[in-house]
Amino acid sequence: MSVKILMVCLGNICRSPLAEGILQSKLPTNKFKVDSAGTGDWHVGNQPDKRSIATAKNRGLDISKQKARQLKVSDFETFDYIYVMDNSNYDNVAKLAPNATAKDKVVLIMEELYPNEKIEVPDPYFGGDEGFNKVYDMLDEACTIAAEKLLKKH
């Protein structure tokens, strides 16, 4: 049985696809499954943003095969861990949680680096390439810690 981790942002085309690709690259695929979703439905079925794809490619990751999807209530049953990118995502995901146990699965990804500081991964959508590089670096650091913890625990 594999451990399932879900990365969530707003549209599932910028931050969460990067987070999915980064974390998956740090974990053995036979033990861990990483996926991503968005709280909104604007981009369902689309590839990640071309800037996310390019940023990942520049770092040796191919996320071009990912397809955006919207978070659904059944994800709380399917996934063991749900990482969100910012406080707005946290609020939206927590509201969907069917019970307290499900809500407890939801954590800001940057809490892995900065516990209890409510640090957000900024949405790079309306900015330039430098925003995507900054997001990648933040997620890479947080996912390294998350992967270490997951590997120790499972």
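The values are calculated or read from the model by the stated rules, or taken from the named source; none is laboratory data. Just so it is clear, the structure is predicted and the values come from calculations on it, not from any experiment. Every residue, glycine among them, receives a Cβ derived from its backbone with ideal geometry; neighbour counts consider all protein chains shown. All accessible areas refer to the heavy atoms of the entire protein, side chains included, with ligands and DNA or RNA removed. Shrake-Rupley method; radii C 1.70, N 1.55, O 1.52, S 1.80 Å.
Figure note: ILE53, ILE63 ranked by solvent-accessible area, largest first, 1.4 Å probe, ligands and nucleic acids not counted: ILE53, ILE63. Subtracting the Cα-Cα distance of GLU141 and VAL44 from their residue separation scaled by 0.36 nm leaves 32.2 nm.
Anything over 27 Å Cα to Cα? Flag those among LYS72/LYS134; LYS31/LYS118; LYS26/LYS67; LYS57/LYS95; LYS95/LYS134, in the order listed. From LYS72/LYS134; LYS31/LYS118; LYS26/LYS67; LYS57/LYS95; LYS95/LYS134, over 27 Å: LYS72/LYS134; LYS31/LYS118; LYS57/LYS95; LYS95/LYS134. Between LYS31 and LEU113, the modelled labels are 2.4 nm apart [label points 7 Å from Cα along Cα→Cβ]. Provide the FRET efficiency to the nearest 0.05 for the ASN58-PHE126 pair, computing r from the beta carbons and using R0 = 22 Å. Given R0 = 22 Å and the Cβ-Cβ separation, E is 0.60. Computed on protein heavy atoms with a 1.4 Å probe, the accessible areas place MET138, MET1 in the order MET1, MET138, largest first. Note on the stretch 6-154: with neighbouring protein chains present and a 1.4 Å probe, carbon and sulfur make up 50 percent of its accessible heavy-atom surface. Using a probe of 1.4 Å on the protein chains alone, the accessible area found for THR29 is around 110 Å².
Span-like helix check, the chain: qualifying full DSSP H segments, with Cα axial length of 30 Å or more and mean Kyte-Doolittle of -0.5 or more, are 129-153.
Heavy-atom accessible area, probed at 1.4 angstrom with all protein chains present, ranks VAL44, VAL93 as VAL44, VAL93, highest first. Among VAL73, VAL135, VAL107, the largest mean-square fluctuation in a Gaussian network model of the chain (Cα springs under 10 Å) belongs to VAL73.
ARG51 exposes around 50 Å² of accessible area when a 1.4 Å probe is run over every protein chain in place.
Taken along the Cα-to-beta-carbon direction at a fixed 7 Å, the label points for VAL73 and HIS154 span 2.5 nm. Per residue, the solvent-accessible area of the chain (1.4 Å probe, heavy atoms of protein chains only, all protein chains present) comes to 51 Å².
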